[in-house]
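Read the structure below first, then the notes.
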Amino acid sequence: GENVEQHPSTLSVQEGDSAVIKCTYSDSASNYFPWYKQELGKRPQLIIDIRSNVGEKKDQRIAVTLNKTAKHFSLHITETQPEDSAVYFCAASRAGNQFYFGTGTSLTVIP
Amino acid sequence: EAGVAQSPRYKIIEKRQSVAFWCNPISGHATLYWYQQILGQGPKLLIQFQNNGVVDDSQLPKDRFSAERLKGVDSTLKIQPAKLEDSAVYLCASSLAAEQYFGPGTRLTVT
């Protein structure tokens, strides 16, 4: 089955700096890659996603890049704010089937 | 639009007891997922339904876990008998295409 690895497990940045979280996957058939933000005690919320026919996608301060050849994808958050502090999960899926999640990155934005 | 509903929100049981969780997906969403999220880990897919048929249950411990979605809408997940290692948050999600929307989860504590 699919194996999704996520790094780093913890990340601290100063407010206003950028944060980058990286994930790798093993199954070349995976073609949908969402990112979720989970605040303490709350449900995961989809923040951005990318499909395998696209190399990069941006939504305001958040961007995701995908390298299909290397089987890795990354989340980029620019101009970080304290409210960006949360656990972020990447996932890989075959068109909405068989979702496999990474182990999570705990992001702390220091004011 | 109403979100994914789950009940109960919290449940405490003793080992070897049974427990059931209920999920009501977003109206019109054909796909329903059950996940187990152990503290500090990413969600792990237990079972995925498409309408009332099972798409994937490869990670469901079938000796103790069962799930059904009889009319293609609501779903129940049952654990019988529970073990200490079943303590986790059980998340239900639904989707129309690939994007998943999560419910608030049920926090299960097995003592």
(message) Which order do you get for A:Phe101, A:Phe73 if you rank them by accessible area with a 1.4 Å probe, largest at the top?
(response) A:Phe101, A:Phe73
(message) Taking a virtual spin label 7 Å from the Cα of A:Glu39 along the C-beta vector, which residues in region A:72-109 bring their backbone nitrogen under 13 Å of it?
(response) A:82-87
(request) Give, as a single signed number, the net charge of other residues whose beta carbon lies under 12 Å from the beta carbon of B:Phe102, with Lys and Arg counted +1 and Asp and Glu -1. (result) +2
(request) Please work out the average accessible area per residue across the protein assembly as shown, using the 1.4 Å probe convention, and give it in Å². (result) 49
(message) On a 24 Å Cα-Cα criterion, which of the cross-link pairs A:Lys58/B:Lys44; A:Lys22/A:Lys57; A:Lys37/B:Lys78 come out too long?
(response) A:Lys58/B:Lys44; A:Lys37/B:Lys78
(request) Could you give the spread of the C-alpha atoms of the protein assembly as shown along their three principal axes, from largest to smallest, in whole angstroms? (result) 49, 36, 34
(request) Find the eigenvalues of the gyration tensor of the Cα atoms of region A:1-65, then list the square roots of 5 times those eigenvalues as equivalent ellipsoid semi-axes, largest first, in whole angstrom. (result) 21, 15, 13
(message) As a test question: what accessible area, to the nearest 10 Å², does A:His7 have when a 1.4 Å probe is rolled over all protein chains in place?
(response) 110
(request) Can you pull a Stokes-Einstein diffusion coefficient for chain A at 4 °C (1.567 mPa s), Rh from Kirkwood over Cα pairs, as a whole number of µm²/s? (result) 93
(request) Would you please classify the overall shape of region A:52-110 from the alpha carbon gyration tensor, given that a ≥ b ≥ c denote the square roots of the eigenvalues, rounded means a/c under 1.5, and beyond that prolate means a/b larger than b/c while oblate covers the rest? (result) oblate
(request) Note every residue of region B:86-111 with a reduction of at least 40 square angstrom in accessible area, all protein chains present versus the isolated chain, computed with a 1.4 Å probe, or write none. (result) B:Ala98, B:Glu99, B:Gln100, B:Phe102
(request) List the residues of region A:72-109 that lose 30 Å² or more of accessible area once all protein chains are present, compared with their chain alone (1.4 Å probe, heavy atoms only, no ligands or nucleic acids). (result) A:Phe89, A:Gly96, A:Asn97, A:Gln98, A:Phe99, A:Tyr100, A:Phe101
(request) Identify the chymotrypsin sites (Phe, Trp or Tyr not before Pro) of region B:1-73 meeting these criteria: DSSP loop state and at most 11 other C-beta atoms within 10 Å of the C-beta. (result) none
(message) Buried accessible area between B and A (1.4 Å probe, both chains summed, ligands and nucleic acids excluded), in Å² to the nearest 100?
(response) 1500
(request) Note the direction-averaged projected area, equal to a quarter of the hull surface, for the Cα convex hull of chain B, in nm². (result) 6.5
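The values are calculated or read from the model by the stated rules, or taken from the named source; none is laboratory data. Here the structure is a predicted model, which is why all the values come from computation and not from measurement. Positions of Cβ are backbone-derived with ideal geometry, glycine not excepted, and every protein chain shown enters the neighbour counts. Just so you know, the surface numbers come from the protein's heavy atoms only, side chains and all, with ligands and any DNA or RNA stripped out. Shrake-Rupley method; radii C 1.70, N 1.55, O 1.52, S 1.80 Å.
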